[in-house]
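J.: Quick one: structure below, then a few questions.
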Amino acid sequence: MNKIFYITTPIYYVNDIPHIGHAYTTILADVISRHQKQIGNDSFFLTGVDEHGQKVQEAAKKREVNPLHHCDEMAKRFTSLWQELHISNDDFIRTTEQRHQKVVKKILNIVNDAGDIYADEYEGLYSISEERFITEKESESGQFRDIKKLKEKNYFFKMSKYQDQLIDHINKNPKFIQPEHRKNEILGFLKQPLNDLCISRPKSRLDWGIELPFDSNYVTYVWFDALINYITAPGYGEDPQEFQKFWPASMHLIGKDILTTHAVYWPTMLMAAGIKLPETIFAHGWWLMKDEKMSKSSGNVINPLDLIEDYGVDPVRYYLMREMVLGHDASFSKESFITRYNSDLANDFGNLLSRVSTLINKNYEGIIPNVSDFSSLEIEIQHSSREVVKNFDSHMSNMAINEAIEAALQFVRSINKYFEQSVPWKVVKDDKIFAGTILYTGAEALRIAAVLLSSIMPERTKNLFLVLNTTSTGRDWGGLKPGTQLGPLTVLFPRINTENN
Ligand code: MSP
């Protein structure tokens, strides 16, 4: 049986319109999933929306619509943004769907039957904005709003019971929590005794949720509900053999702010339900603007759609992937976007295409020339094309996407340099046959660079393949066929004039 590379994004709250934070994780997952397909693996990419809970109930109330109607509208905003961003997800899950409600109830029953859920009267400080009970210390930290004292009966999951088992799993599986500093953060957190998790909300306070199968006066806590989406989509509870093709998930991609829920709540829930743990939970950093967190409350959210309107989807995808070192925060600015665009995309990548295609058009009637004898330079380029593929893959598998991109760009720069050294525009005057070899070499190297970058810029690279008039997306040397007539020329990445920006 072939195990499928199964990658997920968090499912996004529908109390907010999609912003760059949502777009970033989803593009990242898309790039990884497309790359997996490129290297010959089956990949299943899941994203979706988190539709229950107090925040959504309140957002709907504010708009004076019923919660499901609100969710329907918001889910559409996400799906249409994903379409616009060239996201190739294989499934889109909504937590209000029947298939999901069924699995949540099933898991609650399993965990309850195993004796890991108990009811208790609990009195404590409750943060309405966070939708959970908080400790005295947390309430003093000033980070929580809308705190009130609450006393009520609730259901608790015996999370504490799995503390040692979780620590053991983390220690034995170095890839389980990535990057390393996030793993250490969780191990540090687990040095304190773990509390049990309150997993219910009385309907008197919140009714927008999945009803507990063993007490109809309660709904399920939104995180207990949401995390389960990762097993709903690949069909938990249906054909076990089918499910096993997907599960355990290869990678849960998340932002650093939701690490505890994913690296503590989720694995302990799975342990209680007797389900294997995901292979990797990878937490990325945040996009900051002028070193401030981008958040709606501070009013500095960049709407990805605005960026796209001005500069196109693929350049924005490229920028987001190239500029963030995975695991760390990154700063967004329009200036750095323009600098990156002009240097990498307009000057290096786009320029190589325009050189190759213009010279072939002018001197070979637009027909990709034949290859004659190679000089050592051409042999070197063929060799480095194999190297760049290897390096690209190895950076991708280490989640160093920025370095993978840089490797591809260095290769592109080396081809531009090769043109400057071997001056095909001069050689063509005396030796049309050898100039043809130089141009073929440049065009083929460009094709391979474009194949590598196609998971990051799926549409622009498609346009490039149209210019080269090739359907060859293999990464081995020799995909371009001499004798092929080039397609219509286009400027792939027009330079952004910095004076007007
Ligand atoms: N619904 C939960 C997740 C449940 S998963 C079972 C949730 N949703 S969310 O809509 O708040 O989405 C949060 C995701 O967006 C997180 O991964 C978060 O890190 C990410 N981002 C939000 N703003 C961000 C930036 N400025 N930069 C990068 N990502 C950030 O949490």
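J.: Along the Cα-to-C-beta direction of ALA114, a point sits 7 Å from the Cα; which residues of the range 233-252 have their amide N less than 15 Å from that point?
T.: Flagged as within label range: 237.
J.: Another question about this same structure. Between LYS481 and GLU84, take the C-beta separation as r, use R0 = 41 Å, and let me know the FRET efficiency to the nearest 0.05.
T.: 0.75
J.: Give me the dipole magnitude in Debye, nearest 20, for the chain about the Cα centre, with unit charges on the beta carbon: positive for Lys and Arg, negative for Asp and Glu.
T.: Result for the chain is approximately 320 debye, rounded to the nearest 20.
J.: If you don't mind, another one. Tell me which of LEU166, LEU206, PRO315 sits at the most positive position along the dipole axis of the chain, charges placed on C-beta atoms (Lys, Arg +1; Asp, Glu -1).
T.: The residue sitting most towards the positive pole is PRO315.
J.: Considering lysine pairs in the range 334-500 that are 8 or more places apart or on different chains, how many have Cα atoms under 23 Å apart?
T.: Lysine pairs, 8 or more places apart or on different chains, close enough: 12.
J.: How large is the helix-only mean residue ellipticity at 222 nm for the chain, computed as the sum of -39500 (n - 2.57) over DSSP H runs with n ≥ 4, divided by its residue count, in deg cm²/dmol to the nearest 500?
T.: Result for the chain: -14500 deg cm²/dmol, rounded to the nearest 500.
J.: As a quick test, which of the pairs LYS62/LYS148; LYS153/LYS256; LYS106/LYS203 have an alpha carbon distance above 24 angstrom in this structure?
T.: Going by Cα-Cα distance, LYS153/LYS256 fall outside the 24 Å limit.
J.: Ok, one more. Can you work out the PRE-style zone for LYS3? Point 7 Å along Cα to Cβ, and I want the residues of the range 20-39 with backbone N under 18 Å.
T.: 33, 36-37, 39
J.: For helix 376-397, report the angle its Cα long axis makes with the longest principal axis of the Cα atoms of the chain; keep it between 0 and 90° and round to the nearest 10°.
T.: It works out to around 0 degrees.
J.: Taking the full set of protein chains and a 1.4 angstrom probe, give the accessible area of LYS276 in square angstrom, rounded to the nearest 10.
T.: Surface accessible to solvent at LYS276 totals approximately 140 Å².
J.: Fully extended, how many nm does the chain gain between GLN165 and LYS362 (0.36 nm per residue separation, minus their Cα-Cα distance)?
T.: On the way: separation 197, 0.36 × 197 = 70.92 nm, distance 6.87 nm.
That pair, GLN165 and LYS362, stretches by 64.1 nm at full extension.
J.: Here's a follow-up. Could you give the nm distance between label points at GLU64 and SER216, where each point is 7 Å from its Cα heading toward the beta carbon?
T.: 3.3
J.: Express in Å², to the nearest 10, the accessible area of ILE93 obtained by rolling a 1.4 Å probe over the protein heavy atoms while all chains stay in place.
T.: 0
J.: Something else now. Using R₀ = 56 Å, calculate the FRET efficiency as 1/(1 + (r/R₀)^6) where r is the Cβ-Cβ separation of TRP425 and GLU138; round to 0.05.
T.: 0.25
J.: Between the range 348-366 and the range 80-112, what is the separation of their alpha carbon centroids in Å?
T.: First find each Cα centre; the distance between them is then 47 Å.
J.: Also, quick follow-up: In whole angstrom, how far apart do the alpha carbon centroids of the range 213-232 and the range 406-466 sit?
T.: So the separation of the two Cα centres works out to 54 Å.
J.: Here's something else I'd like to know. Once the Cβ-Cβ distance between LYS151 and LYS334 is put in as r, and R0 is 60 Å, what FRET efficiency do you end up with, to the nearest 0.05?
T.: 0.75
J.: Tell me the relative contact order for the chain as a rounded percent, counting alpha carbon contacts under 8 Å between residues six or more apart. Show your work: numbers first, answer last.
T.: Details: 752 pairs, mean separation 71.5, N = 501.
Across the chain, relative contact order equals 14 percent.
J.: In Å², what does the accessible area per residue of the chain work out to with a 1.4 Å probe?
T.: I get 44 Å² per residue for the chain.
J.: Something else now. Each label point is 7 Å from the Cα along the Cα-to-Cβ direction; what then is the distance between the points at GLN410 and ARG99, in nm?
T.: That separation, rounded to one decimal, is 4.3 nm.
J.: Of the listed peptides 174-184, 219-229, 420-430, what is their order by residue-averaged count of other C-beta atoms within 10 Å, with the highest listed first?
T.: With the highest mean Cβ count within 10 Å placed first, the list reads 219-229, 174-184, 420-430.
J.: Ordering TYR236, TYR24 by accessible area with a probe of 1.4 Å, largest first, what comes out?
T.: TYR236, TYR24
J.: Can you pull the three principal axis extents for the Cα set of the range 334-500, in Å, largest first?
T.: Principal axes ranked by extent give 45, 39, 29 Å for the Cα atoms.
The values are calculated or read from the model by the stated rules, or taken from the named source; none is laboratory data. Not measured: the values here are computed from a predicted model. Methodologically, a virtual Cβ is constructed for each residue, glycine included, from the backbone with ideal geometry; neighbour enumeration extends over all protein chains shown. These area figures cover heavy atoms from the full protein model, side chains too; ligands, DNA and RNA do not enter into them. Shrake-Rupley method; radii C 1.70, N 1.55, O 1.52, S 1.80 Å.
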